[in-house]
Amino acid sequence: MIEFINYYLIPALTLGSIYALGAVGISMIFGILRFAHFAHGDLMTVGAYGVLTAVWFVPVHPLLLIPVGAALAIAAALAVDRFFYRPLRQLATIYTVISSFGVALIFRSLAQLLWSSDNQVLVKGVTPPLVLFGTFRIAALHAEAIALTLVIAVALHLFLTRSKTGRSMRAVSDEPELAAVAGIDTEKVIRWTWVIAAALAAIAGVFAGMDTTVHPNLGWNLQLAMFAAAILGGIGKPMGAIAGGFIIGLAEELSTYNWVGDNPLISPSYKTAVGFLIMVALLIFRPQGLFRGRLL
Amino acid sequence: MEWTGLFFYLVSFLIASGIYAILCLALNIQWGMGGLFNAGIAGFFAVGAYASAIMTTAPSDKHLGGFGMPVPVGLVAAAVLAGLAGWAVAKICVRLKSDYLAMASIGIAEILRLVIVNAERVTNGSLGIAGIPRPFDGWVQGRAADLLFLGFVWVIVAAAYVVSQRLHDSPWGRTLRAIRDNEAAARAAGKDVERFRLQTFVIGCAIMGVAGGLTAHEFKFLSPAATEPLMVTFLVWVMLMAGGSGNNKGAIAGGLGIWAIWSMTEILTNQLLPPEWITRSSYIRILLIGLLLQFVLQKFRSGLIPEASPPIRFKGD
Amino acid sequence: MTALLSVQGLTAGYGGMPIIEGVDLDVEENAVAVIIGPNGAGKSTLLKSIFALTKIAGGTIAMAGRDITGLATAALVPIGISAVPQNRNVFPNLTVAENLDIGTYAAPPRDRARTEANILALFPDLRAKLGQPAGELSGGQRQMVAIGRALMSEPRLLLLDEPTAGLSPAYLEKIFDLILDVRKTGVTILMVEQNARQALRIADRAHVLVNGRNFISGSGAELLANDNVRRSFLGGGEAA
Ligand SMILES: Nc1ncnc2c1ncn2[C@@H]1O[C@H](COP(=O)(O)OP(=O)(O)O)[C@@H](O)[C@H]1O
Ligand SMILES: [Mg+2]
């Protein structure tokens, strides 16, 4: 039991946090801009490299430098929206989807050019795990990631339900034409969507980079699971996406636990397939997700 | 560069671009005519590549088979298996809207690739399959064999073109385009939209499988690295968009043109860049292709050879 | 007295052929003006054009003497125009209170609390539903939310597109009564209606639009008495 919690449950919740923060952005972009943003994982990568670079100059704890990574990811997101996505807004959204595949490659190749394709570490050395009640051993990063994600979830919920900008975002997600009739500035809402989605992606990227290493495929490799989480939570339902992220993270990690007998339920090398399979199954049987999101 | 060197560079260029032309024709059936967004080309390509490799190699204890069959049998197996995989995907996914179809197809393609890497007893995992024959292997040796293979590839390009063109001009193709441009109207006219889409997807995937098989025979060696989505899925999309989706000639032109740009920039970057940058030159080329796609999407949407009556798809259609 | 809204020679559409051509329309301050016409005549297109949601190819639109042709929707709300579209006119996942709140964003009312209190006084049914998602309300209540949202910016002119579409006859009367109540608060109303007979009864002025062009205009009573209008739009019968 203790072993299960230490080696499976806590890492699963950490992975879930990463997915959750990525999926929120995907879900919001899907809801407001109405397209599947296939460069979202690479936005995480950009954020992680931002923090990596900042750590070289200011050797403090990487989490303290998240604002640098977030700023870089936000700038990147606003730039690609302005130059690549906005010119396609009047067309069928599939063209923007295709464009986002290209943007993913642009981000990735820039990362490879500027930072090389090596694996690079964000934190050198080993931090001893936190020991709770003498038995639960939690890596500091895991505790930080899970706690920060929960705080962000609450803050995001308050923002979306209480603030004028947050409500405008939900309105545009709900009925874009009516939002325009009500005089809401859709382009401003879109800019805010990118700001929030990119900032959260950067945080997710930093968690992922600290959990393993920073490399150009960091975000792309996590992306399909984040799509699964966004769909599971219901498109356009940010809180659903957070729940979805945790569910997918748990499903992937716990599928390798030795539930029956001594062997893992499924081989760890197929772990990532679990997320994809859930996504495909959802698309077939319940595309509106668990929490009745919208359908395009 | 000496002339023979240049000549055989051209031969290998034409082999590779011929295979890309086949992939573009296949994607053109799915996307250009059917409006189906397949983002998992690499998966069907990989199924075809492994099918043909396993069918045609000599028996080996490293992987399933091989069965020592002639290359054409291998390619038929590639088409059938990739078509079957396409059928399974289409069966569950064609009714999804394009964004979801993109996610589903990419997800399934990644699962297929994951299986290929991990099913070592079937595929020899990341070590790959060696000793894959080419057609007419016993007849000629050395570089003449490259020429023969080039002819073989382009015969298949021609066949794929004829098939695509026939499909395009047939009543079936017209119905397909009607569905693409106005699904509701086609449905109202009593067309079985799902069936048409399923057929489209399967035909396209089968042809993608053949392209995968040809790649295996081209290199005589096959490992999971040859099925990278970047070089297979993404590049093919750029080729079709630039060549002119909806037009079979455009598909071939896109395959040739983009592959020419890709190869030429390789030569250029290798000559111009300082040595320490050579390893990074492929990233520069990927960056350029990514930017080229943006240019095509914004300013050049109908491509080099546009569709005869191009669709204009605006919001809400 | 000059008209609050004055449309002259308006030609507009969605990019291809124009849908409405050379339409003239004047709406007097504090009047209820009604547009009727067959399906597909371009009534919604006319309202959308006034609200800058179509491509305008010719003609002018003036509000209180000021030329507003070409202004964006977001700029029209602060000038004092609000609109309620024909369908999908509430944000279903937002609560009723949030729907009303959205109405204040483009043009904040001078005294928000009072404006909201006035609107809830007009639509007392909504008071108990403030915390409920608008998507869960009945059709009639949704229409109230939609109109309420449009009133939150304290408009001088309210554009309504078929506010009674799909409502039961009982609710239909209620909505018409409410529209008259709204007019009493000093708001001018321009609405499109399918229920021509009832609409003409409350109309100060009415316009019949056919094939995107002006067909007949007159007071509500005049059109109710007009044989041509009776035959085509009021189901034949004698004037009630
Ligand atoms: N968004 C649109 N794009 C293109 N054509 C439209 C659009 N909306 C309406 N139309 C066309 O404009 C014409 C008039 O429609 P509309 O103004 O809605 O009529 P009404 O409200 O009088 O029933 C119809 O032929 C309709 O097909
Ligand atoms: Mg209408």
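Miscellaneous remarks
- Checking A:Phe291 against (1) within 13 Å of chain B (Cβ to nearest Cβ); (2) aromatic (Phe, Trp, Tyr); (3) part of a loop (DSSP other than H, G, I, E, B), the condition it does not meet: (1)
- Meeting the requirement of 3 or more residues that are under 19 Å from C:Ala31 (Cβ atoms), the helices (runs of 4 or more DSSP H) wholly within region C:107-210 are C:139-151, C:169-184, C:196-202.
- Any hit, region C:55-69, residues being surrounded by 16 or more Cβ atoms within 10 Å (Cβ to Cβ), away from ligand 1 (no atom under 16 Å from the Cβ), on the phi < 0 side of the Ramachandran plot and outside any strand (DSSP E or B): yes
- Restricting region C:19-35 to residues that are within 15 Å of ligand 1 (Cβ to nearest atom) and surrounded by 21 or more Cβ atoms within 10 Å (Cβ to Cβ) leaves a set whose member that is nearest to the other protein chains (Cβ to nearest Cβ) is C:Ile19.
- Evaluation of C:Asp101 against (1) modelled with pLDDT of 95 or more; (2) of a type outside the set (Lys, Arg); (3) within 16 Å of ligand 1 (Cβ to nearest atom) (one fails), failing number: (3)
- Residue, nearest to the other protein chains (Cβ to nearest Cβ), within region C:151-171, restricted to residues that are within 16 Å of ligand 1 (Cβ to nearest atom) and among the aliphatic types (A, V, I, L, M): C:Leu159
- Unique residue being part of a loop (DSSP other than H, G, I, E, B), in contact (Cβ under 8 Å) with a residue 40 or more places away in the chain and either within 16 Å of ligand 1 (Cβ to nearest atom) or more than 25 Å from C:Thr164 (Cβ to Cβ) (or both) when the list is C:Pro38, C:Pro78, C:Pro92: C:Pro38
- Number of the exception - A:Glu252 against (1) in contact with a Lys or Arg (Cβ under 6 Å, 6 or more places away or on another chain); (2) assigned to a helix (DSSP H, G or I); (3) away from chain B (no Cβ under 14 Å): (3)
- Lone unmet requirement of (1) closer than 30 Å to A:Glu175 by Cβ; (2) over 11 Å from the mean Cα position of the chain (by Cα) for A:Lys271: (1)
- Residue in region C:113-120 that is away from ligand 2 (no atom under 16 Å from the Cβ), within 20 Å of the chain's Cα centre (by Cα), at negative phi and surrounded by fewer than 19 Cβ atoms within 10 Å (Cβ to Cβ) present: yes
- Conditions (1) more than 16 Å from ligand 1 (Cβ to nearest atom); (2) buried (at least 23 other Cβ atoms within 10 Å of the Cβ); (3) of a type in the set (A, V, I, L, M): number failed by C:Leu46: (1)
- Residues that are touching a residue at least 60 places away in the same chain (Cβ under 8 Å), crowded, with 24+ Cβ neighbours inside 10 Å and within 15 Å of the chain's Cα centre (by Cα) do occur in region B:160-174, at least one of them.
- Residue count, region C:97-148 (criterion: within 13 Å of another protein chain (Cβ to nearest Cβ) and among the β-branched types (Val, Ile, Thr)): 4
- Counting the residues of region C:41-82 that are within 13 Å of chain A (Cβ to nearest Cβ), more than 16 Å from ligand 2 (Cβ to nearest atom) and of a type in the set (A, V, I, L, M, F, W, C) gives 9.
- For C:Tyr14: the one exception among (1) over 26 Å from C:Val182 (Cβ atoms); (2) away from ligand 1 (no atom under 15 Å from the Cβ): (2)
- The listed residue being away from chain A (no Cβ under 14 Å), under 28 Å from C:Ile216 (Cβ atoms) and in contact with a helix residue (DSSP H, G or I) (Cβ under 8 Å, 6 or more places away or on another chain), out of C:Pro38, C:Pro85: C:Pro38
- Any chance C:Ala134 is touching a residue at least 12 places away in the same chain (Cβ under 8 Å) and within 16 Å of ligand 1 (Cβ to nearest atom): no
- Check on B:Ala185, assigned to a helix (DSSP H, G or I), over 24 Å from B:Ile305 (Cβ atoms) and small (Gly, Ala, Ser): yes
The values are calculated or read from the model by the stated rules, or taken from the named source; none is laboratory data. Quick caveat: nothing in here was measured; it's all calculated off a predicted structure. Glycine also receives a Cβ, built like all others from the backbone with ideal geometry; neighbour counts cover every protein chain displayed.
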